[in-house]
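K.L.:
Got a structure for you, questions after.
The values are calculated or read from the model by the stated rules, or taken from the named source; none is laboratory data. Worth saying up front: this structure is predicted, and the values here are computed from it rather than measured. Backbone-built Cβ (ideal geometry, glycine too); neighbour counts: all protein chains shown. In case anyone asks, the SASA skips ligands and DNA or RNA and just uses the protein heavy atoms, side chains included. Shrake-Rupley method; radii C 1.70, N 1.55, O 1.52, S 1.80 Å.
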There are 2 protein chains.
Amino acid sequence: MAVVTLFMSDRDKSKTFTDKKEADNYDKMLELAESVSIWMEKEIEGLNESQIESIGLLLAKNKDNLLKALKGKPELLLEKSDSEDSENVTPISASA
Amino acid sequence: MAVVTLFMSDRDKSKTFTDKKEADNYDKMLELAESVSIWMEKEIEGLNESQIESIGLLLAKNKDNLLKALKGKPELLLEKSDSEDSENVTPISASA
C-alpha cells in the first residue's frame, strides 16, 4: 500500500487527478464554462438550465478550436465536433 | 447630385456601407455568426431558430471580448454586455 496525492477542482468534486497540472486545466475549463453559461443566461432568452450548462461546457471544451475560429477561421467550427475531453477517458470496466 | 459608391455584404442585403473595410468587417462578423449558429444547432438540443441565431450573433459581435475570455479572463464575459455593432448605426430617418 502507498499513499497517493490527488488533486481536485472545487468546482467538480466528482473528479480527481494525480497530476496537478491536469487538475488546474480542468478547473480553468470549468471556470470558463461557468462564465459562458452566466453570459448566455443573461443574453439569450428562454434557454433552460441544461442548455445553458451545455453551451458553457461546449465552448470551454472546444476553446482552442473556437479561438482559431474567432481569429478568422469560422469554418473550423463546422468541421470538428469533438467533445475533446472525453476521448482520453477509459471507463473503469473496460480495463478489467 | 453625385454618385456614391456603396458596399454591401451578400449575407445581409439590408445594410450598405460607404466604407469598404466596414462592409468587409460586417461580412466577416456575419460569417462567424452563421458558423457559430450551425455549430450550436448541431451540438445543443432543443434550441429554437431565434435562439440559434441570437447565440451566433452574440458571440460574433463580442468576438474581441470573447477572445480575451478564452485566453484566461473569463470574468470579462460577466462585466460587459455590449451589442457592439449597433452603437454606430444611425437610422436613415434620423439624418433627415
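K.L.:
Which numbered condition in (1) in a helix (DSSP H, G or I); (2) facing another protein chain (nearest Cβ under 8 Å); (3) among the acidic types (D, E) is the only one that B:D27 fails?
P.N.:
(2)
K.L.:
Considering only residues that are out of contact with any Asp or Glu (no Cβ under 8 Å at 6 or more places or on another chain), open to solvent by 10 Å² or more (accessible area, probe 1.4 Å) and within 16 Å of A:L77 (Cβ to Cβ), which ones fall in the stretch A:32-59?
P.N.:
A:L57, the sole residue that qualifies.
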